[in-house]
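One structure is given below, encoded as structure tokens.
The values are calculated or read from the model by the stated rules, or taken from the named source; none is laboratory data. Quick caveat, the model's predicted, so the values are computed rather than measured. Cβ placement follows ideal geometry from the backbone for every residue including glycine, while neighbour counts extend to all protein chains displayed.
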């Protein structure tokens with residue numbers, strides 16, 4: 001948005017400068033030139049200089065219409081303007097610097113500034129000084145530098161340098177304002193993004209707290225107020241399940257190639273620490289299930305692992321249309337967890353002292 | 001060989017602890033199995049007491065990272081009954097070993113529960129399909145893989161997952177013997193494919209004789225997708 005405003009401002013300024021310069025060159029400059037045509041030595045040189053300035057203005061007009069800057073041609077254009085100025089002075093009758101016969105003094109300056117409008121201010125200043133220097137050189141070499149001619153030159157210079165300089169200063173200020181607006185805009189975007197990220201993190205933290213409040217927090221409260229006995233195997237089992245759920249919750253935030261396996265490893269690790277030998281074996285490839293499905297798939301595993309006595313085998317067999325997570329372990333009969341997501345089924349088989357629980361997910365798409 | 005005769009096996013493995021562990025499992029088996037430790041010397045499989053052993057337990061990677069398929073082929077082609085014992089779970093290597101004519105492929109994570117039955121099966125010239133090899137079969141996506149029936153895949157999958165034939169039988173409501181039959185059928189289909197080897201043709205011939213599989217079923221190929 002800020003960029004658009006700035007571009008519109010730049011464009012407007014270029015148009016205004018071009019119109020002003022054209023009016024001065026073709027109005028004042030050309031009128032003076034034609035009026036004194038017979039006094040130049042030769043007149044053809046003056047017409048050539050006028051043609052050169054006209055060509056540069058035409059170039060600016062063409063670029064403006066196509067919305068393009070000068071780029072590398074800018075040096076050439078400035079050189080052409082200075083050359084036109086020098087040519088005009090070479091063919092100027094002696095003693096006539098900064099009089100009405102000296103039409104180029106008040107014309108070439110505008111053309112140069114128009115070309116240098118979107119450059120830093122010092123470029124315009126350097127150009128104007130160069131133009132001024134050519135005129136001064138003519139004055140010193142071919143005119144008699146009397147008090148009168150110098151005064152006339154000085155008064156002429158005030159408008160020749162001063163007015164275009166005003167335009168250049170205005171342009172520079174405008175561009176700086178535009179750049180500042182763009183910076184401010186970026187800063188606002190950055191703050192907004194940071195704000196959104198903070199809000200999202202807060203939302204996630206609340207969600208996690210909500211998930212823990214159902215299982216972990218009552219357990220911890222019970223242990224703290226003594227209503228739950230740490231010696232009780234049922235309490236120990238709840239602890240093991242909650243520990244695995246917390247590990248899974250933390251693992252969900254990790255960025256990994258296969259989140260399902262990553263979370264299963266974290267669930268298995270809790271049992272591993274209790275001294276249960278857990279084997280994890282995997283075959284096939286599968287699409288990444290959403291978080292809620294992964295929770296359903298891993299819930300069966302962590303429920304069984306929490307009560308496994310000595311060994312457990314966890315397997316994942318997957319394909320494009322079915323992902324099956326199984327756990328086989330020596331443990332007491334445990335109730336199969338109820339899946340929350342659609343498309344997930346949990347089956348349990350009790351055989352002797354072995355439990356086989358399988359969670360299957362069929363991606364529906 | 002008669003059922004009551006003592007089975008002898010020779011193990012080639014450069015890790016002394018592995019050979020000692022397998023030796024202990026064999027000694028503790030009922031009836032016990034005699035194990036000859038050849039260390040990392042392949043020559044001891046071909047000469048001396050090792051040459052007469054019923055079963056060769058072969059560490060596929062005596063040089064780490066370079067599975068010795070050539071030696072496996074030489075052993076199989078001279079009629080030896082070979083169990084490949086590998087530290088890697090690599091489906092492609094497992095299937096290649098089966099294709100070369102190994103009677104069993106075990107990973108070193110698969111303990112005495114699978115190694116002892118595998119040695120007994122190999123001594124009879126029969127294959128033993130471990131859960132890891134089952135996993136390799138169900139994950140096989142090669143274009144020329146044999147076509148397996150839905151039930152066969154179900155049994156393989158359950159065997160891979162549970163690692164217990166009793167559990168497979170209970171889960172699928174079939175007898176343990178039926179579980180074995182399905183696994184054998186898959187194994188025969190794989191034996192019928194690829195390279196010719198005496199152990200493989202024995203396997204196919206016996207399965208046809210016993211009516212475990214018919215010629216038509218055997219020659220059905222997976223149609224390319």
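Descriptive notes on the structure:
- Residue A:334 vs. criteria more than 48 Å from the chain's Cα centre (by Cα) and in a loop (DSSP other than H, G, I, E, B): yes
- Pick from the stretch A:344-356, criterion surrounded by fewer than 15 Cβ atoms within 10 Å (Cβ to Cβ) and either within 46 Å of the chain's Cα centre (by Cα) or part of a loop (DSSP other than H, G, I, E, B) (or both), ranking: nearest to the other protein chains (Cβ to nearest Cβ): A:352
- Here A:359, A:329 are screened, and the one residue that is crowded, with 23+ Cβ neighbours inside 10 Å, touching a residue at least 24 places away in the same chain (Cβ under 8 Å), within 14 Å of another protein chain (Cβ to nearest Cβ) and within 10 Å of residue A:304 (Cα to Cα) is A:329.
- Being under 19 Å from residue A:356 (Cβ atoms) and either at pLDDT 90 or above or part of a helix (DSSP H, G or I) (or both) is a description that does not apply to residue A:272.
- Qualifying residue in the stretch A:304-314 (condition: more than 14 Å from every other protein chain (Cβ to nearest Cβ), surrounded by 22 or more Cβ atoms within 10 Å (Cβ to Cβ) and in a loop (DSSP other than H, G, I, E, B)): yes
- Subset of the stretch B:139-157 (residues that are in a helix (DSSP H, G or I) and either more than 9 Å from chain A (Cβ to nearest Cβ) or farther than 14 Å from residue A:358 by Cα (or both)): B:139, B:150, B:151, B:152, B:153, B:154, B:155, B:156
- Residue in the stretch A:260-267 that is assigned by TED's automatic domain parsing to the domain that holds residue A:308, buried (at least 17 other Cβ atoms within 10 Å of the Cβ) and assigned to a strand (DSSP E or B) present: no
- Only residues that are on the phi < 0 side of the Ramachandran plot and not in a helix (DSSP H, G or I) were counted in the stretch A:200-243, giving 6.
- Selection count, the stretch A:275-292, where residues are in a helix (DSSP H, G or I) and either within 14 Å of another protein chain (Cβ to nearest Cβ) or in contact with a helix residue (DSSP H, G or I) (Cβ under 9 Å, 6 or more places away or on another chain) (or both): 1
- Total residues in the stretch A:187-212, condition within 20 Å of residue A:4 (Cα to Cα) and surrounded by 11 or more Cβ atoms within 10 Å (Cβ to Cβ): 1
- Selection count, the stretch B:104-138, where residues are within 14 Å of another protein chain (Cβ to nearest Cβ) and touching a residue at least 60 places away in the same chain (Cβ under 8 Å): 3
- Strands (runs of 3 or more DSSP E) within the stretch B:1-116 that include 2 or more residues more than 30 Å from residue A:285 (Cα to Cα): B:7-12, B:33-37, B:55-59, B:81-86
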